[in-house]
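Visitor: One structure, pasted below without further comment.
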Amino acid sequence: MSRVEDIDQEVLEFAKIVGKSGPVTVVGGRTQWAVGGPPEPGTREVRAPAGIWSHEPEEMTVRCGGGTTLGELSEQLAHHGQMVPFDMPAEATVGGVLAVGHSGLRRLRYGDIRDFVLQIRHVDHTGQIVSSGGPTVKNVSGYDLCRLMVGSLGKFGCIAEVTLRCLPIPAITRWFTGILDPFEVHNQLYRPSSILWDGNRVWVCIEGVLSDVAAQAAIFDFEEVAGPPSLPAGGRLAIEPKGLRTHKQESDQSWIAEVGVGLIHTDLPAAQRHINDVNVSLMEELEERLNPNNRLNPGRQVLI
Amino acid sequence: MKNVPIDLPIPTEDLVSCVSCGLCLPHCPTYRVTQEESASPRGRIALMKQAHHDGVVDDEFVEFMDTCIQCRGCETACPAGVQFGSMMETTREALATQTRYQPWWARLGYRTLGWQKALRAGSALIALLQRFRLVPQKLGLPSIPIIQRPLVSSGNDVWLFTGCIMDAWMRDTHRAVQRVLESTGAGIAFPDKRANCCGALHVHAGLAPEARRLALRTMQAFPGDAPILVDSAGCGAQLKDYGHLLDSDAAREFSERVLDVHEWLAQRLDDLPEKTGLSPRIVVQDPCHLRHVQRAHESVYQVLGRYVEAVSLDDDGLCCGAGGAYSTFHPQIASDVRDRKIRAIEEIQAEEVASANPGCLLHLRSGGLEVRHPLEIVDGLIKKDE
Amino acid sequence: MVHKSADKKLLSELRSFLGDRARDGDFELGLYAKDGSVLKGDPMIVCLPTSTEEVQQIILACRRYDRPFLARGSGTGLAGGAVPVGDPVVIATAKMNKILDIDIDNRIAWVEPGVLNLDLSRELSPLGFHFAPDPSSQQVCSIGGNVANNSGGPHCLAYGVTSAHVAAIEVVLPDGRVALLGDLTAESPGYDLRGLFIGSEGTMGVATKVAVRLTPNPPEVRTLLLDFADVRDGAAAVSSIIANGLIPAALEMMDQRAIEIVEAFVNAGYPTEADAVLLVELDGLPGGVEHGVEVVRAVANRHQVGSVRVAADDAERALLWKGRKNAFGAVARIKPDYYLHDTVVPRGKLVEVLEKVYQIADAYDLIAVNVFHAGDGNLHPILAYDSEEKGVLERVQAAGRAIVTASIEAGGVLSGEHGIGLEKRDYMGMLFSAHDMATQDLVREAFDPDGFANPLKVLPSGSRCSDSFGQHVPDGAWV
Ligand SMILES: Cc1cc2nc3c(=O)[nH]c(=O)nc-3n(C[C@H](O)[C@H](O)[C@H](O)COP(=O)(O)OP(=O)(O)OC[C@H]3O[C@@H](n4cnc5c(N)ncnc54)[C@H](O)[C@@H]3O)c2cc1C
Ligand code: SF4
Ligand code: SF4
C-alpha cells in the first residue's frame, strides 16, 4: 500500500468532502476538543473515514481510517494479542489523538505516540491527498512529515488514513502503589511502563512475564491496585523530568506527575508556554506554506 | 616541494581494496588525536590512489604520509582486509628513492643503528651525560651503563635476538628474559654482531635497500634451525617479515623460525616455575607490532597471567604513539596519542604497566608511568620464589 | 583530479576566523569528495569548525558569496548525502567531538555532532546507559550523521530509530540563525520541528549540539545464532517469531555468501555451510529473556533449523556481533567494489523479494550478498563488482533500480535507514506523487528557501523550485 495508485476509495471521498475552499475542521471523538482553542464559528465540521482497512498480525502494522475510534482499533488488535499503547478514551479517534499529539500514561516505557506512526495520508488545504512516510515498520524515504503532522492540531491537513506500528500485549500488566521516593523507584526498576506520583504516593505499572513482574514488584514495599488513579482533568504541564524533584515543594495544587517523563497533570488549565522567536518564525513559515489561507482549523492555535 | 613526479608502484588491486567505509578511523591513533581525514587510514589510502593516478606529489602529500605511525591498527580493524602496512611501506620507499623525503642527516642517523661502534659510542656519551644529570628525565631513557657487561650464551636450544638500541640501552632486560627462558630448562644462544639491527626503522622510513642489506646480514647470524626468539615486538615483526622483504626461500624459512619470546613461552607454560606469593595487578599495553602485526599479543597475557593479574586495556589496542623513531620526528602527535593511552591506563587501578616492546616502554616511561618488560616482571617474581 | 580554484575571497574570509582549519589543498579536497557510497563530488573548500559560532560564521560567509554548503560527519553515509555537488563548502564536524554533559537525572546527554556513536555509548556504559541507535557503522559514524539520516541499527527493532532517541537539537539554520529544536520536556510546544529536522539529511541546516536520550542497559542479554539449510526457512522463521508476539532486541539475517566472508574476517565459528543464519538477541529482565529464548527455539524448530547456538559469554556475543557489523566492508574480500542497497519490505514478503534479488543479480551477471535487519524487513542487498570491468557500472545501476522496483512492488519503501541523498533522489517518484514531493519541498523551503543547505539532495530536481546550483545528479558522480 505504498503507492499513490493504491489509495482507498474512502480517502478519495474524504478529499472531496474536505474540498478546496472554505474553513474546515475534523471532528473526532471530541475527547480533547478544547486543546488549542475551539475552531472559529462557521467552520464546517467533517468526519474522517473510519474502519480498519488492513491488519496483518505478522507484520505488526495496522492501517485504518483517521476517524476510527481507539475502542474499535484496540478490539481488533487485541484479537491477535496486539496493541497500540495510546491509553486514551475508547471514543477518541486515531486521527484526533495524533492531531493533538498527547501520549498516554505508559509513555515511560513505550515512548511517544508519534513514534508509532508509519504513514499518514492527509488532505491538504488544496483538497489534494498527500502521503508521507511509508507502510513498513522502518522507513526514511523523504522528509518526515508524519512527525510534523502529530501534534499539529490539523493545521497542516485533515488526517484521512494512518498506518501504525503495533506491539504485542504484554503477558501481564499490574499496577502497584506505595508511599515511596519516586526517583528511587525510577532508578531501581528496569523500564517500568509508568510511574505516577502525587507528591506523596507512588503508582507503578509493571509489565512482562509473571516472574519478572513479581521480582520487580518485590524490590519495593508495594501493594497491588486495580489500575492507575484518576488524573486531574485540567491541564498538562511538561517540564524537564528532573524538575519534578523541586516541583513538589513549590506546588500546593493537587496534581499527579509522570515520573521520568516530566509531565504533570493538574486541575488548572494548561499554562501557555513560550516559544522562542526563531522557532516561531520557522513555524509560521510552515503555516504560510501548508495552510496559506488558514482554512484548515481556523481559530485553533498551535502557536500561542 | 611542489608537483614532484612520482611512480607509486602499489598494485591497483591493493589500492581499490579500500571501500572507504571508514571503520578503521577510530582505530587510527593519528586520526583519533587530530580528527583530520588526511591523518586517517581511509584518507591516506585515498591520497595514495590520487598520487598513483596523477603521478605527482607535493609537500602536503609527504606530510600526510609522514604522520602515519605505521602501527597498522587500521589493518586489524579493516573488514576488507586492506594491506595498509605494505602500501605505506611502498609509498615511503617511493618517496625516499624518488624525492628528497629522507635528507642526508636522517639517512645518516638510520645508518648508525646498524653500526655497532657508532651506536655504542653515542650511547656511552648519553650514559656519561646522564651521570652529570644533563639528560632531561622526561625523555624517559633508561639509565645507560657506561660499560656494558656482555651477554653470555648458555646453550643452543633457542636464539635470543638482541637488536640495536635495546641491546645498547636495555641489556638488563635481555638478561631477565634469558633467566626466564632458562627457567624452563632451555639453553640460550646469542647471535654475533651481524645481528645488531633488524632494519625495522629503515623500512618505516622508506629506506628499503638499507633494510634489505641489514636483513641479509642478520640472517647470517642465526645458523642452524633453532627457533629465533625476540623480546622486542617491533624487531620480531620485522624478522617475521623478511620473507616478504627479501622475497627468497631462505628468508621465508628464516621468518618461519621467528617467534616472539612470549609465543614460545606460552607453549611451555607448564615448564615455567610455579608461582607463589602475591599476584600484583598489572596493566598490559599491547604493542602494535605484537597485536596488529604479529597478532600474538594474547601470549603475553598467558605468560604473565601465571604470575600476576594481567589486565587488558579497553581501547582496542590503540597505538601509544611511540612508533620507532616516530616520537622523535612528530613529538606533538606522539605525545597527544600517548596522553590517550595514559588516560586509558590510569582508568584501571594497577600497580605497574607491562610492555613487550622497548620503544613503547620508553615512550610510556617518558610520559611518567612505571613500565617494565613483561618478562622483567616475571623474572622478579620467579627470583623471589627461589 | 582538477579542482576549480576556490573562491579566493571567501577562502581568505574563512581563514580570518578558522585559520588553517579552512582548507583548499588539492590533495586534501580530494578526501572530502566521497562518503561511504559509490558517488563522488567535488568540494570547493573544506572547513573544520570547532564551535557553533564558527559554523554560524561559515554559513554567513557562504551566504555573502552565494556559495552553498554541506555538513559532513564521518562520511560513512551510503546514499551520497555527504557527497558535495553544486560546488559547496564542506563543513566537517569531526573536530566538534565533545560530550558536553551527561545528565542522568534527565536521562539525557548533550553532545557535539562529531561525537562518534560508539564513543558515546562507551562513555555511558559505566553509568548503566547507552544510546540505543546502533548502526553497523557505529564505531565511526557521528551523532550528527545519525540525526541527519535518522539512522537505525540492529537494535532499533525493539528500541526504535534515532528520531525516538533525540530530545532536542541545536541547529544553525541556512540563513545563519541558531535555533533550538525540541526541548527536554515530553511535550515541547509548537510543531515538531525536531522530528522534521531528523532525517532531513543536512538540507535544513547544520546540527551543532544534540540532546540524546539515554537508554538503561538491559540486566540480561542472550544472543542466539540459528542456521538454516534453506534461506526460505530462515526468512519464514523471522515472520513467525514476530507473529508469535515476540519482538527481539535484534533479529538479523545473513545469507551463505555473507556468512563466508564474515567468518573469514572474525573467525567466530559462523557455520559457513549454512544457506542462511539468523542472529537473534533478546534482552530485558531474566524471565522475559528466558521466555523469548523458548519461543525462538520452538519457532526455529518448526522451520527446520539446523542448530541453535547460544553465545556463552560476553566475549562470544561480541565476536558474533563484530562479524555482523563488519559484514559490508568484508564484502571487499570477494570484489573490490560494492553497491549496497537499502529497502524495506513487509516481513511476509522477505522470501519473495530475496529470491527476486538473486534473480536480478544473475540477470545482470553480478554477485549479490545479503546481510540485513530481517526483523523489520530492512533488506541490504549488496551487489559486489569490480569497477575496472567494462560496462559494469551500467549493469550495477540497472540491477539496483530493479531491486528498488521489486521492493516497492512488494509494498515496500525506498530506504529503511541510509536515506535518499543523491543516490535515490531520482527514485522518489516511485513512492511519492508529484504533489507529495511538492509538499515535502514546501516543508524544506520553510527552512531553506534559497536551497543553500546540501543542494541537490533528497528531492528530484523537478520537485524543487529552488535548485539554483545545478539540475541533475552529475554524470561523473559514479565512481
Ligand atoms: C559499514 C557501514 C555500515 C552501516 N550500517 C548502517 C546501519 O546499520 N544503519 C544505518 O542507519 N546506517 C548505516 N550505515 C550508514 C551510515 O553509517 C549512517 O547513515 C550514519 O548515520 C552516517 O553518519 P556519518 O557521520 O558518517 O554522516 P555522513 O556520511 O558524513 O553524512 C550523512 C548525512 O548527514 C548530513 N550531516 C552530517 N552531519 C550533519 C550535521 N551535523 N548537521 C546536519 N547534517 C549533517 C550530511 O550532510 C549527509 O547528508 C552504514 C555505513 C557503513 C559504511
Ligand atoms: S582501510 Fe578498510 S576499514 Fe578503512 S576505509 Fe578502507 S576498507 Fe574501510
Ligand atoms: S598504520 Fe596506524 S597511524 Fe598509520 S594509518 Fe594505520 S592506524 Fe593510522
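Throughout, read-outs are computed from the coordinates displayed, never taken from laboratory work. The model shown is predicted, which means the values in this text are computed figures rather than measured ones. Note that each Cβ is placed from the backbone with ideal geometry, even for glycine, and that neighbours are counted across all protein chains shown.
Visitor: Going by alpha carbons, how many degrees (0 to 90, nearest 10) lie between the helix axis of C:434-447 and the longest principal axis of chain C?
Guide: Taking the Cα atoms of chain C, the angle to C:434-447 is about 60 degrees.
Visitor: Please give the length that would be gained between B:Arg281 and B:Asp336 if that part of the chain were fully extended, namely 0.36 nm times their separation in residues minus their C-alpha to C-alpha distance (nm, one decimal).
Guide: Residue separation times 0.36 nm, minus the Cα-Cα distance, leaves 17.2 nm.
Visitor: In nm, to one decimal, how far is the B:Gln267 label point from the C:Leu100 one, both placed 7 Å along Cα→Cβ?
Guide: In this crude label model, B:Gln267 to C:Leu100 measures out at 5.7 nm.
Visitor: For Cα pairs less than 8 Å apart in space and 6+ apart in sequence, what is the mean separation divided by the residue count of chain B, i.e. the relative contact order in percent?
Guide: 16 percent
Visitor: Expressed in whole Å with the largest first, what are the equivalent ellipsoid semi-axes of chain C derived from the C-alpha gyration tensor as the square root of 5 times each eigenvalue?
Guide: 37, 27, 20
Visitor: Sticking with this structure for a sec: What is the magnitude of the charge dipole of the range B:4-98 about its Cα centre, with +1 placed on the Cβ of each Lys and Arg, -1 on the Cβ of each Asp and Glu, and no other charges, expressed in debye to the nearest 20?
Guide: 400 debye
Visitor: Moving on to the next point. Compute the Cα gyration tensor for the range A:1-117, then decide on rounded, prolate or oblate, letting a ≥ b ≥ c be the square roots of its eigenvalues: rounded whenever a/c is under 1.5, prolate when a/b is larger than b/c in the other cases, and oblate in all that remain.
Guide: Oblate.
Visitor: Continuing with this model, one more query. How far, in nm, would the chain grow between C:Val221 and C:Glu53 when pulled straight, counting 0.36 nm per residue and subtracting the alpha carbon separation?
Guide: 56.2 nm
Visitor: Taking the Cβ-Cβ separation of A:Ile172 and C:Lys322 as r and a Förster radius of 41 Å, what is the calculated FRET efficiency to the nearest 0.05?
Guide: 0.65
Visitor: May I ask you to derive the FRET efficiency for C:Arg63 and C:Val310 from their Cβ-Cβ distance with R0 = 45 Å, giving the value to the nearest 0.05?
Guide: The pair C:Arg63/C:Val310 has a calculated efficiency of 0.20.
Visitor: Taking square-rooted eigenvalues a ≥ b ≥ c of the alpha carbon gyration tensor, is the range B:13-67 rounded, prolate or oblate, where a/c under 1.5 means rounded and, failing that, a/b exceeding b/c means prolate?
Guide: The shape class here is oblate.
Visitor: Here's something else I'd like to know. Once both labels are modelled 7 Å past Cα along the beta-carbon direction, what's the C:Asp450-C:Glu355 spacing in nm?
Guide: For C:Asp450 paired with C:Glu355, the spin-label model returns 5.5 nm.
Visitor: Next question. Which value in Å is the Kirkwood Rh of the range C:220-328 over different Cα pairs?
Guide: About 13.7 Å for the range C:220-328.
Visitor: If I model a spin label at C:Ile367 and A:Arg201 as a point 7 Å from the Cα along the Cα→Cβ vector, what separation in nanometres do I get?
Guide: Roughly 6.8 nm, to one decimal.
Visitor: OK, next. Ranking C:His418, C:His155 by Cβ neighbours within 10 Å, fewest first, what do you get?
Guide: Going from least to most buried by this count: C:His155, C:His418.
Visitor: Let me ask another. Quick check: from the Cα gyration tensor, does chain A come out rounded (a/c under 1.5), prolate or oblate?
Guide: It is oblate, given that a/c is not under 1.5 and a/b is not larger than b/c.
Visitor: Of C:Lys34/C:Lys335; C:Lys8/C:Lys209; B:Lys341/C:Lys95, which ones are farther than 22 Å apart at the Cα?
Guide: C:Lys8/C:Lys209
Visitor: Then there's this: What order do you get for B:Val152, C:Val161 when you list them from fewest to most C-beta neighbours inside 10 Å?
Guide: Starting with the residue having the fewest Cβ neighbours, the order is B:Val152, C:Val161.
Visitor: Would you work out which of B:Val82, B:Leu151, A:Gly134 lies farthest towards the positive end of the dipole of the protein assembly as shown? Charges go on Cβ: Lys and Arg +1, Asp and Glu -1.
Guide: The residue sitting farthest along the positive end of the dipole is B:Leu151.
Visitor: Suppose R0 equals 56 Å. What FRET efficiency, 1/(1 + (r/R0)^6) with r the Cβ-Cβ distance, do A:Trp33 and B:Glu351 give to the nearest 0.05?
Guide: E between A:Trp33 and B:Glu351, to the nearest 0.05, is 0.20.
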